[in-house]
Amino acid sequence: MRFSTSVIAAAGLLSTANAAIKGFNYGANFNNNQAKTLVDFEYEFNAAKTLPGTNGWTSARLYTMIQHGTTNTVIEAIQAAINTKTTLLLGLWASAGQSNFDNEIIALKAAIAQFGTAFTDLVEGISVGSEDLYRITPTGIENMSGAGAQPQELINYVQQTRTAIRGTPLDGKPVGHVDTWTVYVNATNNDFISTLDFLGMDAYPYFQTTMANGVGSASQLFFDAYHQTLGAAQGKPVWVTETGWPVSGQTLNQAVPNADNARIYWEDVTCQLVADNINLWYYTLQDVQLGNPSPSFGIKPAGDLQAVQPLFDLSCPADANPRSSVLLPSATTSSCNCMGSSTSAGLPTTRLSAPAPTFTHTITVTRISSSSVSVPIPVSSSRAPAPVPPPNTPLPAPSSIVPVPMPVPAPSSRRSATPSVPTNISPGLQTPLIPPTLIVTVNKNSGSIIAGNGGTAQLSPFLSPVFAFDIGQEHRGKICNLVFYTPPARPFLDLGPIQIRIPGGIRVSLLSTTTAGLDNGLRVNLGPVDIRLNTGTQLGLSLSITPGNQYNVGSMPCPAGQRVAFQVDSLLGLTVDFFQMTSPPLGLFMVPV
């Protein structure tokens with residue numbers, strides 16, 4: 001099915017006046033871990049240019065600058081691109097720690113020195129990392145997706161990349177990042193987004209198993225994701241860096257992998273992106289070389305790439321007219337377990353990685369009546385030979401935030417803790433929203449941390465999310481309303497970013513940041529301050545949470561220059577999971593007025 005609107009989304013178009021880029025993703029090795037060499041890359045790049053029914057598929061997205069099996073030798077895909085006049089979206093693998101990223105930079109500099117403008121003129125952009133943030137989310141951890149990287153790590157890597165290319169022919173080339181769309185709509189990643197020149201979006205309706213994800217719904221799901229990413233992109237271009245439909249593999253919910261459905265997806269999504277002039281790297285040309293991946297996304301079957309026919313028709317219908325590719329927003333989630341082929345740095349060789357060793361991201365939790373303990377959050381790592389060092393510093397407060405204890409406001413200065421009356425979300429909402437800096441879900445009984453700063457909050461009679469906010473000095477003298485937003489339900493099967501499993505309400509409490517005189521309870525370190533769990537002052541409540549409403553659960557003088565934290569508890573059995581986002585607003589926000 002095809003959807004159309006009349007408005008062209010300029011933010012999604014190519015950042016130059018030329019036709020949009022079209023290409024494929026290319027891993028550094030085959031499925032048996034054998035490294036691809038110069039002749040292999042040349043063969044693949046040439047095959048992409050001669051696909052029947054297509055024209056102009058002349059770009060290659062790489063995941064690494066390092067030749068597979070080496071420490072920092074330049075990947076032979078660079079010479080192949082020069083030989084075949086194939087443009088490049090370079091990739092620097094960023095989920096294997098600083099030492100490996102140093103080697104990526106070494107290889108990048110070596111390529112500039114070795115090939116000069118013959119190489120740099122082909123570069124469309126540089127992606128720092130690939131799905132690193134997705135892999136540290138609860139979904140990524142559950143899917144055993146391998147080691148990821150924290151936002152501050154990636155910010156540092158982006159800075160290192162810009163420093164490395166300064167004064168070279170690559171200076172001025174756009175530097176961005178590739179990740180799943182759900183990562184970009186997570187407000188806790190806004191600071192990272194602000195450092196980028198472009199956002200590379202990966203989206204696979206096939207993997208959205210909590211939704212109606214048959215191929216007939218795939219176009220709606222994909223462009224919902226694209227729209228949400230545009231809304232979170234801060235005006236940056238959004239490039240589609242991975243998408244596709246498998247030709248074989250396991251049926252996931254309603255998503256059936258076969259060539260006929262891959263053709264439908266190609267027509268409904270790929271052809272529309274081409275018509276809309278949006279940069280696109282499809283996944284993938286062929287993924288069955290020397291192996292048997294499942295699912296397989298390759299449009300070419302096993303055999304001679306330049307001889308065998310594609311598994312489905314690649315021509316686009318004549319009625320694929322330009323449109324915005326932006327549908328009205330609707331709640332969607334992604335359980336995408338999507339990564340590219342591997343390198344010596346530990347990139348996965350297939351899209352579904354096997355269980356691997358773990359490292360821990362530690363958030364300190366103290367039971368006041370006993371000694372301090374560190375509660376580990378398991379994060380899978382696919383790099384067994386050299387475990388990735390865990391991030392060992394808490395999320396810093398912005399430089400303008402002064403870490404002083406947050407006083408509990410007097411009852412007369414805040415709204416009384418009476419049930420909140422819901423109001424419909426205004427479609428023209430103009431009030432600035434302050435998103436949380438950090439989200440931690442805690443088991444109230446045991447003190448164990450269920451999820452930390454991945455954007456996902458879990459709420460049940462036993463699980464309570466804690467939201468920390470950094471309030472800037474510009475809000476001094478204002479009133480801050482604490483508002484819980486729920487987006488409207490989808491017209492069909494509402495299993496989107498908010499999943500209300502058991503209906504009920506919420507109670508929100510302002511948490512104290514001092515432990516003086518307390519002899520029980522739990523304390524969580526939130527960067528510059530500690531907060532006490534289960535000991536807050538009730539700020540407000542709502543007895544029923546339903547889609548399409550906003551709930552003002554409390555008001556207080558804005559604590560300008562401070563970090564303040566709130567605990568949300570379940571009432572009447574409410575059990576819900578939700579993914580904090582800003583467009584449309586979902587979750588807990590502070591709204592200064």
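Miscellaneous remarks
- Looking only at residues of the range 533-552 that are buried (at least 20 other Cβ atoms within 10 Å of the Cβ) and farther than 24 Å from Arg501 by Cα, we find that the one that is modelled with the lowest pLDDT is Leu533.
- The residues of the range 200-214 include none that are surrounded by fewer than 24 Cβ atoms within 10 Å (Cβ to Cβ), out of contact with any strand residue (DSSP E or B) (no Cβ under 7 Å at 6 or more places or on another chain) and at pLDDT 90 or above.
Matching residues to (1) under 24 Å from Asn32 (Cβ atoms); (2) at pLDDT 95 or above; (3) outside the structural domain of Val39 (by TED's automatic domain parsing); (4) more than 29 Å from the chain's Cα centre (by Cα):
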| residue | (1), (2), (3), (4) |
| --- | --- |
| Trp266 | no, yes, no, no |
| Leu273 | no, yes, no, no |
| Asp287 | yes, no, yes, no |
| Ser294 | yes, no, yes, no |
| Ala302 | yes, no, yes, yes |
| Leu305 | yes, no, yes, yes |
| Phe312 | no, yes, yes, yes |
| Asp319 | no, no, yes, yes |
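- Top-ranked residue of the range 457-488 - restricted to ones that are polar (S, T, N, Q) and within 14 Å of Pro557 (Cα to Cα), ranked as surrounded by the most Cβ atoms within 10 Å (Cβ to Cβ): Asn481
- Flag for Thr210 being more than 14 Å from the chain's Cα centre (by Cα) and of a type in the set (Val, Ile, Thr): yes
- Residue satisfying all of: in the range 32-55; over 29 Å from the mean Cα position of the chain (by Cα) and among the small types (Gly, Ala, Ser); nearest to Thr120 (Cα to Cα) among these: Ala47
- Evaluated against (1) crowded, with 24+ Cβ neighbours inside 10 Å; (2) over 28 Å from Val158 (Cα atoms), Ala47 falls short on exactly one condition, (1).
- Selection of the range 149-173 for residues being farther than 17 Å from Leu196 by Cβ and of a type in the set (Gly, Ala, Ser) yields only Gly167.
- Inspection of the range 333-347 identifies no residue that is at pLDDT 80 or above and touching a Gly at 6+ places or on another chain (Cβ under 6 Å).
- Elements of type helices (runs of 4 or more DSSP H) contained in the range 198-312, each with 2 or more residues being closer than 30 Å to Phe578 by Cβ: 215-232, 271-275
- Tabulated pairs, the range 288-300, first at positive phi, second buried (at least 20 other Cβ atoms within 10 Å of the Cβ) and not in a loop (DSSP other than H, G, I, E, B), C-beta under 7 angstrom, 6+ apart or interchain: none
- Restricting the range 244-295 to residues that are among the charged types (D, E, K, R) and over 21 Å from Gln306 (Cα atoms), the residue that is surrounded by the fewest Cβ atoms within 10 Å (Cβ to Cβ) is Asp260.
- Long-range neighbours under 7 Å by Cβ, at least six apart or interchain, first residue modelled with pLDDT under 85 within the range 450-467, second basic (Lys, Arg): Phe462/Lys444
- Condition check for Ile82: modelled with pLDDT of 95 or more and part of a helix (DSSP H, G or I): yes
- Total residues in the range 93-151, condition within 19 Å of the chain's Cα centre (by Cα), assigned to a helix (DSSP H, G or I) and not basic (Lys, Arg): 8
The values are calculated or read from the model by the stated rules, or taken from the named source; none is laboratory data. Everything numeric here is computed off the predicted structure, so don't read it as measured data. Every residue, glycine among them, receives a Cβ derived from its backbone with ideal geometry; neighbour counts consider all protein chains shown.
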